[in-house]
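For reference, the structure is listed below as C-alpha cells.
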Amino acid sequence: AAFRQAEEAALQTLLSCPALSALLHPCVQVVNYAPFTLLPSAVPRALFEQAYAVQQDFNLLVDAISQNKEFLEQTLASTIKVDDFTARLFRIYMQVLEEGLAQTVFLGINRSDYMFDCGVDGTTALKQIEINTIAASFGGLTSRTAHVHGLVLKVLGKTKEASHLLPNNPSEGLASGIAKAWELYGSPSAVVMFLVEEVQRNIFDQRCVENELWKRNIRVIRRRFRDVFEKGSLDDSRRLYIDGQEVAVVYYREGYVPQTYDQQNWEARLLLERAQAVKCPDIATQLAGTKKVQQELSRPGTLEKLLPNHPEAVARMRATFAGLYSLDEGEEGDKIAATAIADPDRFVLKPQREGGGNNLYGEELRQVLEKVKDSPERTSYILMDKIKPQPALNYLLRAHSPLQVSECISELGIFGVYVRQGRELVLNEAAGHLLRTKAVEHADGGVAAGVAVLDTPYLV
C-alpha cells in the first residue's frame, strides 16, 4: 500500500510539471513506469553466447536478401497475391528499383529473437522465433534494466550475484550504427529523423537512442508520416528536406502494420524510399523480415545460395532454426495444413505481421486453418513448430496490477547493426541484448502489447 501511495504521489508530481506537460502529446493522460520482473531470470550461458555468436551472420544474411531482387520476387510471389499490405510494400520496392536507387548508404538495425526449447530429456536448445528488421524496440529501456536488477539483488543482500549481471547498452550500439550512416551520408548539417507514431506510447525507449546521438552532436528531429506528406520534398539530386532541413537518416519506429497507412501515408512512404537519405530500414530490408522469407530460409540449400562463400555462418544459423512450413497451394501445403488441423498444439500459425500479438495457437489456429485450407488466403500464413521452454517462477511488476508470483517463460533478443556503403560492408556487429518475460498463460505478445515485461539474464 505504501508503495502504491508513493507511486501515485510521484505520478501526480510529474504530471503537474509544466515543462513535462508541454512535452506530452495532448492525447497522453498517464505516464507509467515500464513493466519489469522483480528478479533477473536464469538463462543458460551456452545458449546466450550462441545467440551472440550468430548475430553477425544474421546481419550478413539480411543484407544479402535485401540486395537479391530475384529471391524476394520468387519468395513473396504467392504472398503478395493475398496480402495487400505486403503487396503495397512490394510495389513501392519495384517502383524504386525501376527508377534507380538514389540511396548509396544502407543501415540495418535488427533484432533476432529466440526461445529456449526444452527437450523430453531436459536438454535445452536455442530456437529462433523471428528476426525483426523494422522498428526493433526496447534497446533503450533494456539499457537501464540491468541497473534495476542489480539494485534489487543488493537490497536482498545478494551483492555477489549482483556483480555477475552483464553490462548491456543497446541504445549506444544502435546510435553508433545510425551515427556511422549519418557520417557516410556526408552532410554535417543534415539531421537524423525518427519517424514516429501519431501517439507515442514507447517514447522513452526512443529517447535513449536519441540522447546518444545528441552526445555525438548529431541533430535529431521527430516527425510523423503526415508531416512527411505535408512538408517533405526532394531536390533534383533526390536529397530529402523536411521543414527546410536536409535529412541524412530516416530511422523508422513506425510503418510496420497496415493500420499505419492511409493513402497520404503510402505517398509519404514512396517519397522517403525515392530519397537519397539512408533509410533504416529501406523497403527491401523490411521485406527481408517477412515471415514468408523466414520460412523460405529454412529450406535446404537456400542459405547456401544466398551466402555461397560463408559455409560456417550457414551452419551456425541453421542450428538455431525451428521447423518452418509453407502453406502455399499444392501438395506440400495441403499436407502440412491437414497435419496442423489434426494436431494444432504442435504448431504456431503466423501471418505476415510485426508488432506482436498476431500469432495463432491451439483451437484458434485450427479454426482459422479450417476456414482457409481450400483458399489462396492460406498462403498469407506460415506454420512453425511450437517451442516449449521450461517455466520458472518470478514476479511481473506492472503499474496498477497485483503483485503475485507467476510461472513465466522468457524470450531473448540480440540486437544487430550493420552499415553498407555501395557494396562494401563497413560495420557489422552485435549491439546488445533484450530479455522479455511473460506468464505462461499468455501464448503471444510482447512488452508493447501489454503481455511481456522487461527482464535481465542471469547466466547459469
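The values are calculated or read from the model by the stated rules, or taken from the named source; none is laboratory data. This structure is a prediction, so every number in the text was calculated from the model and none was measured. Cβ coordinates were reconstructed from backbone atoms using ideal geometry, including for glycine residues, and neighbour counts include every protein chain displayed. Note: accessible area is taken over every heavy atom of the protein model, side chains too, but ligands, DNA and RNA are not part of it. Shrake-Rupley method; radii C 1.70, N 1.55, O 1.52, S 1.80 Å.
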Query - Cleavage-rule hits, GluC sites (Glu not before Pro), the stretch 372-441, DSSP coil, Cβ neighbours within 10 Å at most 11 - result: 441
Query raised in the report: When DSSP beta bridges are limited to those with both residues in the chain, what percentage is antiparallel, rounded to the nearest 5?
Result: 75 percent
Query raised in the report: Any idea how far the Cα center of the stretch 90-108 sits from the one of the stretch 143-164, in Å?
Result: 46 Å
Query raised in the report: Given 0.36 nm per residue, what is the gain on full extension from residue 236 to residue 159 after removing their alpha carbon distance, in nm?
Result: 21.6 nm
Report summary line: With the 8 Å Cα cutoff and a minimum separation of six or more residues, the chain has a relative contact order in percent of 26 percent
Query - Translational D in µm²/s for the stretch 264-406 (Stokes-Einstein at 4 °C, 1.567 mPa s, Kirkwood Rh from C-alpha pairs) - result: 71 µm²/s
Query raised in the report: If you bin the C-alpha pair distances of the stretch 122-277 every 5 Å from 0, what whole percents do you get?
Result: 2, 8, 15, 16, 17, 14, 9, 6, 5, 4, 3, 1, 0
Query raised in the report: If the limit is 25 Å between Cα atoms, which of 291/438; 279/350; 180/215 go over it?
Result: 279/350
Query raised in the report: Rg to Rh ratio, the chain, alpha-carbon atoms and Kirkwood radius?
Result: 0.96
Report task. Report relative contact order for the stretch 324-386 in percent, whole number only (criteria: Cα-Cα under 8 Å, sequence separation at least 6). Result -> 47 percent
Query raised in the report: For the stretch 324-386, what is the Kirkwood hydrodynamic radius in Å, using each pair of distinct C-alpha atoms?
Result: 11.3 Å
Requested in this report: Determine the share of the chain's accessible area contributed by carbon and sulfur atoms, expressed in whole percent, with a 1.4 angstrom probe.
Outcome: 51 percent
Query raised in the report: So what are the three principal axis dimensions of the stretch 281-328 from its Cα atoms, in whole Å, longest to shortest?
Result: 28, 27, 17
Query raised in the report: Which whole-number percent is the relative contact order of the stretch 372-460 (Cα, under 8 Å, 6+ apart)?
Result: 20 percent
Query raised in the report: What fraction, in whole percent, of alpha-carbon pairs in the stretch 325-436 exceed 24 Å separation?
Result: 50 percent
Report summary line: Rounded to whole angstroms and listed largest first, the alpha-carbon spread of the stretch 189-340 along its three principal axes comes to 56, 37, 36
Report summary line: For the stretch 112-212 (alpha-carbon point model, no solvent) the Debye-based log₁₀ I(q)/I(0) at q = 0.18 Å⁻¹ works out to -1.05
Report summary line: Note, residue 135: beta-carbon cut-off 13 Å, +1 each Lys/Arg, -1 each Asp/Glu, net +1
**Report entry** Loop chymotrypsin sites (Phe, Trp or Tyr not before Pro), the stretch 28-124, which have at most 15 other Cβ atoms in a 10 Å radius of their Cβ (DSSP)
**Finding:** 33
Query - Theoretical gain in end-to-end length, residue 363 to residue 91 [0.36 nm per residue, Cα-Cα removed] - result: 94.4 nm
Report task. Skip the ligands, DNA and RNA, and give the accessible area per residue of the chain with a 1.4 Å probe, whole Å². Result -> 45 Å²
